[in-house]
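Report on one structure; see the data block that follows.
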Amino acid sequence: MTDGFDTEFFAERFGLRGLTAIVTGAGSGLGRQAARTLAATGAHVALLGRRPEALRETARLIAQVGGTARAFPVDVADQEAVHLVLDEIQQNMPPLWALVNNAGVGGRSTLLDVDAKMFDRVFDVNTKAALLMSTAFARRLIDKQLRGRIINICSLAAQTHPQYLGIYGASKAALEHLTRTMAHEWARHSINVNAISPGYIETDINRAMFLTPAGKKIVEGLPRQRLGTTEALDSALLMLASPASAFMTGATLVVDDGQRFSIG
Ligand SMILES: NC(=O)c1ccc[n+]([C@@H]2O[C@H](COP(=O)([O-])OP(=O)(O)OC[C@H]3O[C@@H](n4cnc5c(N)ncnc54)[C@H](OP(=O)(O)O)[C@@H]3O)[C@@H](O)[C@H]2O)c1
């Protein structure tokens with residue numbers, strides 16, 4: 001006997017069974033966690049990143065608990081290679097549904113020390129590759145008249161001004177702006193585009209820095225004096241990736257443990 005609670009309704013509204021989710025930068029940190037989280041909802045996950053062995057390890061972790069994932073080693077800044085990978089995904093996996101633009105690179109410098117090479121390295125991956133991956137993905141959805149979700153991993157550094165993160169923050173601020181434009185342009189195609197803006201979460205991108213005296217001082221200054229762990233984004237990701245978030249587009253969810261209150 002049931003009390004009227006409709007389990008099927010929630011499985012359908014929040015589950016991603018029979019759909020494909022693409023995660024870039026899926027071989028480590030937040031990307032590996034995002035891939036594992038989406039696979040747990042039933043999605044088949046396409047794992048993109050440059051290091052094949054790191055992607056294979058993510059695929060192994062997913063398979064170990066009964067999920068489905070396939071590794072597609074690729075440099076997301078290489079447009080031609082990205083198109084080939086998307087073709088392969090489209091031909092060999094269930095219908096496209098979600099793209100998580102998570103691949104990103106750091107870069108610490110004062111503005112006076114920034115040169116063109118550093119600027120391009122950061123913007124090429126964090127902004128340009130995320131935009132071009134999104135347009136390539138959206139075109140495929142539009143061609144097939146499929147609905148979908150794009151989730152851009154931005155950063156608290158886009159809205160605050162942490163020392164030495166001017167260029168990195170600008171690259172993520174640009175991606176946040178593009179998130180709103182994509183949401184606007186693709187609303188009529190039922191492609192919802194949102195961003196997650198994480199605070200400091202301990203991963204390969206910042207682990208060494210947080211071991212330095214300056215890094216330890218940053219943590220001491222945070223409201224809860226702690227860094228996040230990779231699970232911190234699970235709930236925001238699940239919400240934005242789910243069919244249930246159909247009325248949400250162009251938003252940025254800040255997931256930062258209140259860190260913005262103490263970062264300038
Ligand atoms: N950790 C934080 O505190 C924090 C806070 C705010 C935002 N973020 C953002 O979260 C995202 C994930 O970072 P993370 O913290 O998980 O650090 P991470 O472990 O260093 O992850 C970055 C991922 O991006 C991939 N990547 C970099 N360049 C690539 C390229 N050209 N082509 C394909 N993949 C590429 C890397 O894989 P390969 O090297 O194998 O290519 C790596 O898996 C980044 O966008 C970062 O800016 C992180």
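Applying the criterion of being surrounded by 12 or more Cβ atoms within 10 Å (Cβ to Cβ) and not in a helix (DSSP H, G or I) to the residues of the stretch 205-220, the residue that is farthest from the ligand (Cβ to nearest atom) is Asn206. Scanning the stretch 56-76 for residues that are open to solvent by 20 Å² or more (accessible area, probe 1.4 Å), without any contact (Cβ under 8 Å) to a residue 60 or more places away in the chain and among the polar types (S, T, N, Q) turns up at least one hit.
When residues of the stretch 47-68 are filtered for being part of a loop (DSSP other than H, G, I, E, B), over 19 Å from the mean Cα position of the chain (by Cα) and on the phi < 0 side of the Ramachandran plot, how many remain?
Counting residues in the stretch 47-68 that are part of a loop (DSSP other than H, G, I, E, B), over 19 Å from the mean Cα position of the chain (by Cα) and on the phi < 0 side of the Ramachandran plot gives 2.
Residue by residue, here is whether (1) more than 13 Å from the ligand (Cβ to nearest atom); (2) at pLDDT below 95 holds:
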| residue | (1), (2) |
| --- | --- |
| Asn126 | no, no |
| Ala136 | yes, no |
| Arg140 | yes, no |
| Lys144 | yes, no |
| Arg147 | yes, no |
| Asn152 | no, no |
| Gln163 | yes, yes |
| Ile167 | no, no |
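When Leu132 is tested against (1) in contact (Cβ under 8 Å) with a residue 12 or more places away in the chain; (2) loosely packed, with under 15 Cβ neighbours inside 10 Å, just one condition goes unmet, and that condition is (2). Trp186 meets all of the listed conditions (1) open to solvent by less than 10 Å² (accessible area, probe 1.4 Å); (2) more than 14 Å from the ligand (Cβ to nearest atom) but one, namely (1).
The numbered conditions (1) among the hydrophobic types (A, V, I, L, M, F, W, C); (2) open to solvent by 40 Å² or more (accessible area, probe 1.4 Å); (3) modelled with pLDDT under 95 are all true for Met248 except (3).
On inspection, Gly18 qualifies as open to solvent by 20 Å² or more (accessible area, probe 1.4 Å), more than 16 Å from the ligand (Cβ to nearest atom) and touching a His at 6+ places or on another chain (Cβ under 9 Å). What are the residues in the stretch 152-194 that are β-branched (Val, Ile, Thr) and not in a helix (DSSP H, G or I), if any? Once the filter is applied, which keeps residues that are β-branched (Val, Ile, Thr) and not in a helix (DSSP H, G or I), the stretch 152-194 yields Ile153, Thr160, Ile191, Val193. Which residues, taken from the stretch 187-242, are within 30 Å of Leu146 (Cβ to Cβ), among the aliphatic types (A, V, I, L, M) and over 19 Å from the mean Cα position of the chain (by Cα)? Answer for the stretch 187-242, where residues must be within 30 Å of Leu146 (Cβ to Cβ), among the aliphatic types (A, V, I, L, M) and over 19 Å from the mean Cα position of the chain (by Cα): just Ala187. The selection criterion, being within 11 Å of the ligand (Cβ to nearest atom) and in contact (Cβ under 8 Å) with a residue 24 or more places away in the chain, does not hold for Thr179.
The values are calculated or read from the model by the stated rules, or taken from the named source; none is laboratory data. Not measured: the values here are computed from a predicted model. Note that we place each Cβ from the backbone using ideal geometry, even for glycine, and neighbour counts take in every protein chain shown. Heavy atoms of the whole protein, side chains included, go into the accessibility calculation; ligands, DNA and RNA do not. Shrake-Rupley method; radii C 1.70, N 1.55, O 1.52, S 1.80 Å.
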